[in-house]
1. By counting other Cβ atoms within 10 Å of each Cβ, how are 94, 345 ranked from fewest to most?
2. For an R0 of 51 angstrom, estimate the FRET efficiency from the Cβ-Cβ distance between residue 232 and residue 173 and round to the nearest 0.05.
3. Give me the extension gain from residue 38 to residue 124: residue separation times 0.36 nm, minus the current Cα-Cα distance, reported in nm with one decimal.
4. Rank-order 40-50, 72-82, 239-249, 121-131 by packing density, defined as the average count of other C-beta atoms within 10 Å over each peptide's residues, highest first.
5. Using only alpha-carbon positions, what ratio does the radius of gyration of the range 60-169 give when scaled by 2.2 N^0.38 Å?
6. Compute the semi-axes of the equivalent ellipsoid of the range 1-121, taking the square root of 5 times each eigenvalue of the Cα gyration tensor, and list them largest first in whole Å.
7. How many nm separate the modelled label positions at residue 328 and residue 159, each set 7 Å beyond the Cα in the direction of the Cβ?
8. Can you compute the FRET efficiency between residue 378 and residue 256 using 1/(1 + (r/R0)^6), with r the Cβ-Cβ distance and R0 = 25 Å? Round to the nearest 0.05.
């Protein structure tokens, strides 16, 4: 496990400030009575050796001569990271969403390991929840799912924890002189490392020869997408530190049935659904959508099978069009499907991967300035990320996980984020918004469902899930 942050991991530190918090998060609902805080803490402690990065914190290099390193935290206190709270009676999901919005709005302390887990008691229906937060510099969505499957069981009978071997003893913290000396040595080897990084993108010599033209075209496509500003929308405003969070339950089988009837992929169904929902939402706000095409940043995993379970980020992104102008569901789906096929054929994701690999060899001060500048530009309107989760039930100390709802971080001037996860036949949307920008986020949640229902109806598919409830009490929208 490398101790130096990659350029992509480090960029999330540079983009973070008091308003833009760069942690990914999730709310997961479980069936049954909750474990006690002490039992929960002990269960996580017994498995923490399986994810050693969660015992480490950042160490910064003097004079910013290199990206930060992960080092063991000699003052690790799991009681700080593993917290417990309870919902007030009656413990509705609406109350849980409000709590999640407050928890997700709190920035992680960079002087400690960059994660938190909250045990939430008192959810109606004999259920409880777990809220988790992990800094994006530590984990991406794909590896986050892997870590979750390590921390939880795959059967109702809890598995015996793996033998951790010798008791964990934190390594001594490196001195400032050590951090600086190691950084200077690494800087001296950068040219050779840059060559190896580019080769790694293509995997084999044959791929290098066969992909040079495609990579060049992909880099050009990615650069052009980045230079083309996204349209101005109510979603792209300066954001504050507070968040609203809500979710929508859908079915993976329903999504697959729609794509089987209309062609394309499940991700095409997701993007067409989001496009339709945003169009409805904008028109309800009185915005004109004639000819309006929004831009979604869609993260794409480049994590190979042998990298699953590793921490750190192995993702790139493509800029996908969202035709909110189109109110006919099948026509909207066709626009999305054709655009995504063109983007894949054009190699935009490969171009982004090459640029990401090469960015690791820019001076840290330059990368920091570039990351902060990029986060303030309007290259896209909304992040839409679709994470594949395990298609089998997970259990926490014998309690079955019923529904996970993911959250993506909001960058500067990005007031809305959409994350989707498939799990055990479910396909759940997590919507996060700036508290003021997305004052009507519950309306958008219903728009998501209505947009999918329109697609399903056009495809002759009957949805098996129910729409989100209408929030009638205006105070329920206020955290």
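Throughout, read-outs are computed from the coordinates displayed, never taken from laboratory work. What you are looking at is a predicted structure, and each value in this text was computed from that prediction instead of being measured. When we count neighbours, we look across all protein chains shown, and the Cβ atoms used for this are built from the backbone with ideal geometry, even at glycine.
1. Lowest to highest Cβ neighbour count: 345, 94.
2. In this case the efficiency is close to 0.60.
3. Values: separation 86, 0.36 × 86 = 30.96 nm, distance 2.22 nm.
Full extension from residue 38 to residue 124 adds 28.7 nm.
4. So the peptides 40-50, 72-82, 239-249, 121-131, ranked by packing, come out 239-249, 121-131, 40-50, 72-82.
5. Rg over 2.2 N^0.38 Å, computed on Cα atoms: 1.31.
6. Rounded to whole Å, the semi-axes are 30, 19, 11.
7. With each label placed 7 Å out from Cα toward Cβ, I get 5.1 nm.
8. With a Förster radius of 25 Å, E is 0.15.
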